[in-house]
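*Asks:* Right, I'll just put the structure down here and ask away after.
The values are calculated or read from the model by the stated rules, or taken from the named source; none is laboratory data. Every value quoted in this text rests on a predicted model; they were computed, and no experiment measured them. For neighbour counting, all protein chains shown are included, and Cβ atoms are generated from backbone atoms with ideal geometry for every residue, glycine included. Surface areas here come from the heavy atoms of the whole protein model, side chains and all, with no ligands, DNA or RNA. Shrake-Rupley method; radii C 1.70, N 1.55, O 1.52, S 1.80 Å.
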Amino acid sequence: PGPEWPEQEKAEQLARGAALKWASGIFYRPEQLARLGQYRSCEVQRTSSLEARIKSVVQSYLEGVKTGVWQLAQAFEAVQGTREALGQARGLLQGMAEATQTLQPLREQVAQHKQLQVLSQLLPRLRAVPAAVAHTQTLIGAQRLLEAYVCLRELEQLQEETWAPLGGLELPVFEGLGPLAEALGQAVEAAAGVAGQLAREDPALLVAAVRVAEVDAGHTTSLELPPRDWRRRCLQALQEGLERTHFGTPLLLEPGALAGWLEALRVALPAELAIAEALVAPCCPPHYQVVRLWAHTLHSGLRRCLQQLLEGPALGAADAFTLLRWTLHVYLGPEMMGSLELGPEADVSQLEPLLTPENIEQLEATFVTQIQVNVAQWLQKALDGEVAEWNREQEPGTDSSGFYHSPMPAIVLQILEENIRVTSMVSESLQRRVHSMALSELGTFLRSFSDALIRFSRDHIRGEAMAPHYVPYLLATLNYQSALSSSVSVLQPGGAASGALAPVEAALDELQRRICRLVLEALLAELQPLFEALPSRRWLSSPELLDNVCERTASFCQDFRRVRNPAIQLLLAEAERTVVLQYLRALMQGRLVCRGAEERTQAAERLQHDAAQLRELFLGLGLEESYQCAPVLLALRDLLNLRDPMLLGLEVAGLRQKFPDVSEDHVSALLDLRGDVSREQRLAALSSLQAGPQPSPSAGRRALFSLVPVPTPALSSCLPSGPCA
């Protein structure tokens, strides 16, 4: 069999190996063998010392083990004793439990005896409970709340005194305390609900109600009863009573009645806040923050009421405007919530806006939509009244200066400007909306006015409704247009974009052009028969034809003096150009061909005379010379008065420089009037028209020749590259 401890064998092997290694190193040389005996005695002594030390250690361990075995034996004996003692105690306890069961009836008898003893002691007081309850109810009915609360607390204290000794048993005599407490709580709520009235008429009752709520809030009880929370109910009653006073009934207002209701609130709400600060606040504890409570309660009630109003039928324009102005300015103004008399305790800075952005958007859209319908009706009514006067037997009315005058432009601008100005009292957004609406309606009005003028002119020309004073009323409308143009800037509020009036100004310019066109068409209808005989042999020899034209023109333009500047200058300039265009149109018709130098001289002199006569005519009418077109006749005179046809090219080129819109057809028609131009000379003159220098652009030149039609010339008189070829 192997050794008992494998580690021992391994240790012996290691020791033998180490000893052999040491001996081989020591006795490696022969001279060291002489000291072998000395080495042996040393090793023997060392071995003896080690064995002695090992024996000592083993002896010490054996003594410790012996001591431990003895202690374990002692502990075992103690445990055995304890087990026996516990067994005896268990037996004793079981015996005592059985004895206790036999004493339970006695214990119950003792408890009943104690309860009976307590009841016997409290019996006089318990007999008085029903009377005390009735008395307390009487005090509540008489609004003697503090006395009622004292009685209630005495009854509840008696209930507590009986509750613990009776082990939580509820006596039937106390069943009325719950309804009694509820009745007192309702009385406190009722008093708080009319706090404003009580503060004026019976502040003692209000103080009593608040004190009952506050005292009860600090009271604790051992009874298992739900909390009464009279303080919360009191505050809630204060808020509900305040809302009920001012916003209790549903708001069903007739159209236009909203302003009266808001005015009543403007007076009532500050008065209510003043009462709260002066009368109600001294009756309540500081932590009630009465003024803040009043302000926030009134605000929330008003906000809810307005939301209900906006959820109902749509408001009229007047009501929408009134509500916007009241909520955005009056309510937050110095007369109400912004009053300096309203102290910081009101904390109005934390109030939500009465109207949400969606509400404001809704009201503004409602107002603009309805006011747009009204404005359209007013403008149409004004236009209908004006149009109805155009067929009167009387001439248009005049002002103190003698100019045609009508109140219509002032009425139109006053309607629009008043609406824009009034909306500035509400908000910039509403003013922008109404401003945009006003400009849109003014544009629509101007288009309707223009259409009415066209119908008026068409009916007159067709003879369906002959106007006795057709031209004077056209001239009167030109004054209306001038009045609108000069005053339309009043519709431009301070913050509006600079180009907002551009569409209206363009519509006014178009209306002015249309009126001028209608007037000139009437002038043209009178002058066309006179120009049928021009040019002619009679025209060469006599100024009678143009005298008739000037006389008719002067008579027609006589009423122009009733047109205000600058429209009269525009009208005279267009009238003068119309006469000159008719003159040029007559010259281009080919009705006259000069038969010699003498007739060409006569024609040139006639052109010079006619130009001077037209110049004097329109100077007399008030047209400045710089706006006249008659000088074109002098340029044609030079073309006719030229002696040498070979120089026609230079003259034609000069004509092109002065009047860039002259064409080959016009030049050809003028050469036909001369009557002495050969085909080669004609082609040379027309070639100079194209080969000459291009005319310099000039913004002040008005179209003349481009508005004058000419008969189609013979192909022999056209250039190969010309437009007529």
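*Asks:* Would it be correct to say that SER555 is free of Cβ contacts under 8 Å to residues at least 24 places away in the same chain and surrounded by fewer than 20 Cβ atoms within 10 Å (Cβ to Cβ)?
*Replies:* On the way: free of Cβ contacts under 8 Å to residues at least 24 places away in the same chain: yes; surrounded by fewer than 20 Cβ atoms within 10 Å (Cβ to Cβ): yes.
Yes, satisfied.
*Asks:* Quickly run through region 402-441 and pick out the residues that are closer than 18 Å to ARG564 by Cβ and either within 21 Å of the chain's Cα centre (by Cα) or small (Gly, Ala, Ser) (or both).
*Replies:* GLY402, SER406, ALA410
*Asks:* In region 326-364, how many residues are in contact with a Lys or Arg (Cβ under 7 Å, 6 or more places away or on another chain), modelled with pLDDT under 85, part of a loop (DSSP other than H, G, I, E, B) and open to solvent by less than 80 Å² (accessible area, probe 1.4 Å)?
*Replies:* Looking only at that region, the number is 2.
*Asks:* Additional query: What's the number of the condition VAL291 fails, among (1) open to solvent by less than 70 Å² (accessible area, probe 1.4 Å); (2) at pLDDT 90 or above?
*Replies:* (2) is the only condition that VAL291 fails.
*Asks:* Could you give every pair whose Cβ atoms fall below 9 Å, whose first residue belongs to region 501-527 and is open to solvent by 70 Å² or more (accessible area, probe 1.4 Å), and whose second residue is acidic (Asp, Glu), counting only separations of at least 6 or pairs across chains?
*Replies:* ARG517/GLU574
*Asks:* Kindly establish whether LEU478 is touching a residue at least 40 places away in the same chain (Cβ under 8 Å) and crowded, with 21+ Cβ neighbours inside 10 Å.
*Replies:* On the way: touching a residue at least 40 places away in the same chain (Cβ under 8 Å): yes; crowded, with 21+ Cβ neighbours inside 10 Å: yes.
The answer is yes for LEU478.
*Asks:* Restricting to region 1-29, give me the number of residues that are open to solvent by less than 100 Å² (accessible area, probe 1.4 Å) and of a type outside the set (S, T, N, Q). Quick ask: steps written out before the conclusion?
*Replies:* Step one: filter region 1-29 for residues open to solvent by less than 100 Å² (accessible area, probe 1.4 Å), giving 2-3, 6, 8-9, 11-12, 15, 17-19, 23-27.
After this cut, where a residue has to be of a type outside the set (S, T, N, Q) as well, the list is 2-3, 6, 9, 11-12, 15, 17-19, 23, 25-27.
Summing the residues that are open to solvent by less than 100 Å² (accessible area, probe 1.4 Å) and of a type outside the set (S, T, N, Q) in region 1-29 gives 14.
*Asks:* Name the residues in region 575-591 that are buried (at least 18 other Cβ atoms within 10 Å of the Cβ) and part of a helix (DSSP H, G or I), would you?
*Replies:* Listed by number, the residues that qualify are ALA575, GLU576, ARG577, THR578, VAL579, VAL580, LEU581, GLN582, TYR583, LEU584, ALA586, LEU587.
*Asks:* Tell me, yes or no, whether region 229-241 has at least one residue that is modelled with pLDDT under 90, more than 30 Å from ALA148 (Cα to Cα) and either in a helix (DSSP H, G or I) or assigned by the TED database to the domain that holds ALA204 (or both).
*Replies:* No, region 229-241 contains no residue that is modelled with pLDDT under 90, more than 30 Å from ALA148 (Cα to Cα) and either in a helix (DSSP H, G or I) or assigned by the TED database to the domain that holds ALA204 (or both).
*Asks:* Next up: Within region 634-669, which residues are of a type in the set (Asp, Glu) and within 60 Å of the chain's Cα centre (by Cα)? Steps first, please.
*Replies:* Residues of region 634-669 of a type in the set (Asp, Glu): 638, 644, 651, 661, 664-665.
Within region 634-669, just ASP661 meets the criteria.
*Asks:* Filtering region 299-325 down to residues that are open to solvent by 40 Å² or more (accessible area, probe 1.4 Å) and assigned to a loop (DSSP other than H, G, I, E, B), which residue is nearest to THR249 (Cα to Cα)?
*Replies:* Among residues in region 299-325 that are open to solvent by 40 Å² or more (accessible area, probe 1.4 Å) and assigned to a loop (DSSP other than H, G, I, E, B), the one nearest to THR249 (Cα to Cα) is PRO313.
*Asks:* While we're on this one: Between a residue in region 138-162 that is surrounded by fewer than 20 Cβ atoms within 10 Å (Cβ to Cβ) and any residue that is among the basic types (Lys, Arg) and assigned to a helix (DSSP H, G or I), which pairs come within a Cβ distance under 7 Å, given they are 6 or more apart or on different chains?
*Replies:* Pairs found: LEU146/ARG211.
*Asks:* Here are some residues: VAL267, VAL280, VAL291. Which one is aliphatic (A, V, I, L, M), assigned by the TED database to the domain that holds LEU309 and closer than 16 Å to LEU332 by Cα? Lay out the reasoning, then the answer.
*Replies:* Details: VAL280 fails: closer than 16 Å to LEU332 by Cα; VAL291 fails: closer than 16 Å to LEU332 by Cα.
Just a single option satisfies the conditions, and that option is VAL267.
*Asks:* For GLN694, are the conditions met, namely being within 60 Å of the chain's Cα centre (by Cα), open to solvent by 40 Å² or more (accessible area, probe 1.4 Å) and modelled with pLDDT under 85?
*Replies:* On the way: within 60 Å of the chain's Cα centre (by Cα): yes; open to solvent by 40 Å² or more (accessible area, probe 1.4 Å): yes; modelled with pLDDT under 85: yes.
For GLN694, the condition - within 60 Å of the chain's Cα centre (by Cα), open to solvent by 40 Å² or more (accessible area, probe 1.4 Å) and modelled with pLDDT under 85 - is met.
*Asks:* Would you be able to say whether some residue in region 244-255 is at pLDDT 85 or above, open to solvent by less than 40 Å² (accessible area, probe 1.4 Å) and of a type in the set (A, V, I, L, M, F, W, C)?
*Replies:* Among the residues of region 244-255, not one is at pLDDT 85 or above, open to solvent by less than 40 Å² (accessible area, probe 1.4 Å) and of a type in the set (A, V, I, L, M, F, W, C), which makes the answer no.
*Asks:* While we're on this one: Within the bounds of region 508-519, is there any residue that is of a type in the set (Asp, Glu), modelled with pLDDT of 90 or more and out of contact with any Leu (no Cβ under 7 Å at 6 or more places or on another chain)?
*Replies:* Going residue by residue through region 508-519, those that are of a type in the set (Asp, Glu) are 509-510.
Adding the requirement that they be modelled with pLDDT of 90 or more leaves 509-510.
Remaining after also requiring out of contact with any Leu (no Cβ under 7 Å at 6 or more places or on another chain): 509-510.
Yes, the conditions are met somewhere in region 508-519.
To keep it simple, each residue is scored yes or no on (1) assigned to a helix (DSSP H, G or I); (2) without any contact (Cβ under 8 Å) to a residue 60 or more places away in the chain; (3) of a type in the set (A, V, I, L, M, F, W, C); (4) in contact with a Gly (Cβ under 6 Å, 6 or more places away or on another chain).
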{"residue": "VAL426", "(1), (2), (3), (4)": "no, no, yes, no"}
{"residue": "MET437", "(1), (2), (3), (4)": "yes, no, yes, no"}
{"residue": "ALA452", "(1), (2), (3), (4)": "yes, no, yes, no"}
{"residue": "ARG455", "(1), (2), (3), (4)": "yes, yes, no, no"}
{"residue": "ASP459", "(1), (2), (3), (4)": "yes, yes, no, no"}
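*Asks:* Applying the selection to region 622-632, what residues are part of a loop (DSSP other than H, G, I, E, B) and either open to solvent by 40 Å² or more (accessible area, probe 1.4 Å) or touching a residue at least 60 places away in the same chain (Cβ under 8 Å) (or both)? Don't jump to the end; show me each part of the working.
*Replies:* From region 622-632, those part of a loop (DSSP other than H, G, I, E, B) are 622-624, 628-630; that's our starting set.
Passing the criteria: GLY622, GLU624, CYS629.
Residue-by-condition table, conditions (1) out of contact with any Lys or Arg (no Cβ under 7 Å at 6 or more places or on another chain); (2) in a helix (DSSP H, G or I); (3) surrounded by 20 or more Cβ atoms within 10 Å (Cβ to Cβ); (4) not β-branched (Val, Ile, Thr):
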residue: VAL593; (1), (2), (3), (4): yes, no, no, no
residue: ARG600; (1), (2), (3), (4): no, yes, yes, yes
residue: ALA603; (1), (2), (3), (4): yes, yes, yes, yes
residue: GLY620; (1), (2), (3), (4): yes, yes, no, yes
residue: LEU640; (1), (2), (3), (4): no, yes, yes, yes
residue: ARG643; (1), (2), (3), (4): yes, no, no, yes
residue: LEU655; (1), (2), (3), (4): yes, yes, yes, yes
residue: LEU683; (1), (2), (3), (4): yes, yes, no, yes
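*Asks:* Between LEU647, LEU671, which is surrounded by 16 or more Cβ atoms within 10 Å (Cβ to Cβ) and modelled with pLDDT under 90? Before the answer, list the steps.
*Replies:* Numbers: LEU647 fails: surrounded by 16 or more Cβ atoms within 10 Å (Cβ to Cβ).
Of LEU647, LEU671, the one residue that is surrounded by 16 or more Cβ atoms within 10 Å (Cβ to Cβ) and modelled with pLDDT under 90 is LEU671.
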